[in-house]
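The values are calculated or read from the model by the stated rules, or taken from the named source; none is laboratory data. Worth saying up front: this structure is predicted, and the values here are computed from it rather than measured. Please note: Cβ atoms are built from the backbone with ideal geometry, for glycine as well, and neighbour counts cover all protein chains shown. When the accessible area is computed, the model is the full protein with side chains, heavy atoms only, and any ligands, DNA or RNA have been set aside. Shrake-Rupley method; radii C 1.70, N 1.55, O 1.52, S 1.80 Å.
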Amino acid sequence: MELVANEARAKLSYARISPRKVKIVIDLIRNKSVGDALAILKFTPKAAAELVEKLLKSAIANAENNHNMDVEKLYVAEIFANQGPILKRVQPRAQGRAFRINKRTSHVTVVLKEKE
């Protein structure tokens, strides 16, 4: 992963929520300005919205403090959720059987850039 001068990143690894659920939320804020994105996340009634909001705030702080970028010009250039490791659990069932329960994890990455 190479560092680019005009972008700020933040990554959330091993989030205990399935990537499928996170993707519903991150699709809402892709290519939006950070102000709009934060407003959307604040009023989205999904568990993933809280995690993504915290991650976005972290990316904004990185942009401001580490890259000297103007917060007013920032927008969500890239955001994606990849699958992390799966925690495999067993659920007892009738007649001595056992069903597998997959507790999925995600790696969420957000990239912010400045509008020209």
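For the reader, a short list of remarks on this structure follows.
- Single residue of 101, 26 found to be surrounded by 12 or more Cβ atoms within 10 Å (Cβ to Cβ) and not polar (S, T, N, Q): 26
- When the residues of the range 4-32 are filtered to those that are touching a Lys or Arg at 6+ places or on another chain (Cβ under 8 Å) and among the polar types (S, T, N, Q), the one that is farthest from residue 55 (Cα to Cα) is 6.
- Answer residue from the range 2-23, given it is touching a Gly at 6+ places or on another chain (Cβ under 9 Å) and either in a strand (DSSP E or B) or under 25 Å from residue 66 (Cβ atoms) (or both) and is least open to solvent (accessible area, probe 1.4 Å) among those: 15
- Residue within the range 95-105 that is in contact with a Gly (Cβ under 7 Å, 6 or more places away or on another chain) and outside any helix (DSSP H, G or I) present: yes
- Per the listing 51, 28, 87, the residue uniquely of a type in the set (A, V, I, L, M, F, W, C) and more than 20 Å from residue 103 (Cα to Cα) is 28.
- Selected residue (criterion: nearest to residue 15 (Cα to Cα)) from residues of the range 78-94 that are aliphatic (A, V, I, L, M) and not in a strand (DSSP E or B): 86
- Scanning the range 77-86 turns up at least one residue that is more than 13 Å from residue 112 (Cβ to Cβ), among the β-branched types (Val, Ile, Thr), open to solvent by less than 70 Å² (accessible area, probe 1.4 Å) and modelled with pLDDT of 95 or more.
- The residues on offer are 48, 61, and the sole one that is assigned to a helix (DSSP H, G or I) and either exposed (fewer than 12 other Cβ atoms within 10 Å of the Cβ) or within 15 Å of the chain's Cα centre (by Cα) (or both) is 48.
- If only residues of the range 104-116 that are at pLDDT below 95 and among the charged types (D, E, K, R) are counted, the one that is most open to solvent (accessible area, probe 1.4 Å) is 116.
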